[in-house]
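The values are calculated or read from the model by the stated rules, or taken from the named source; none is laboratory data. These figures come from a predicted structure and were not determined experimentally. All Cβ positions, glycine included, derive from the backbone under ideal geometry; neighbour counts span all protein chains shown. Note: accessible area is taken over every heavy atom of the protein model, side chains too, but ligands, DNA and RNA are not part of it. Shrake-Rupley method; radii C 1.70, N 1.55, O 1.52, S 1.80 Å.
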Amino acid sequence: MTVSAERTSPAAPPEARPRDPFITAMAVVATGVTVVATDGEAGRFAQTVSAMCSVSADPRLVLVCINSRSPINEAINTHGSFTVNVLGSQHDHVADTFAGRPWPGKEPWDFSCGEWEQAPSGSPRIRDAVASFDCRIHEVVEAGTHRIYIGLVTSVESHGGDPLIYSAQTYAKPIPVPPSVFDEYPGSGPTYRKNTKENAK
């Protein structure tokens, strides 16, 4: 049997694997950056998470998605509680540390970065986070490579500031965008912004 030299030659470069278009598209989606943290008999853990959102205001529920391979999962399930800390623009080093990409002089998942305090549940909370949600597990859903945690919010703190945003492998902070102007529709624009300005006078 004759074997093609093109397929067996060690000099032949491997075929470039095209990047999954889904991953390429998701990479440009702008997301807030949070750190999910828990503490208790199973240990103290934290993980940087970009997939977080509000689910309901009544009851107060938030949602976070965590890779099933992360060691924080076992701890959250053991403790039954966790915090979701919304990072500010000053927390880029915290985000990198708990994503496993520490800056020089730090170890991955090193709690010496940032200022921490204990939330009512016992989970760690970042003292100067833009916002922090202390949660009890409401529901856990297995979905593909991740676990979706829906947390019942039992305590909230909000300190303001510029939230940290992540997109295209770059950190940023929000910059106000002026409303679009359409010459053919004089006076058009978002009414909620006009009402906000009038109420502020």
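Observations on the structure shown:
- Any hit, the range 127-145, residues being touching a residue at least 60 places away in the same chain (Cβ under 8 Å), of a type in the set (Lys, Arg) and open to solvent by 20 Å² or more (accessible area, probe 1.4 Å): no
- Single residue of Asp134, Asp128, Asp162, Asp110 found to be of a type in the set (D, E, K, R) and at pLDDT below 95: Asp110
- Qualifying residue in the range 62-75 (condition: more than 18 Å from the chain's Cα centre (by Cα) and touching a residue at least 12 places away in the same chain (Cβ under 8 Å)): yes
- Total residues in the range 1-49 satisfying the condition of being open to solvent by less than 90 Å² (accessible area, probe 1.4 Å), modelled with pLDDT of 90 or more, touching a helix residue (DSSP H, G or I) at 6+ places or on another chain (Cβ under 9 Å) and part of a loop (DSSP other than H, G, I, E, B): the figure is 5.
- Scope the range 95-119; condition closer than 16 Å to Thr31 by Cα and either among the basic types (Lys, Arg) or open to solvent by less than 10 Å² (accessible area, probe 1.4 Å) (or both); matching residues: Ala95
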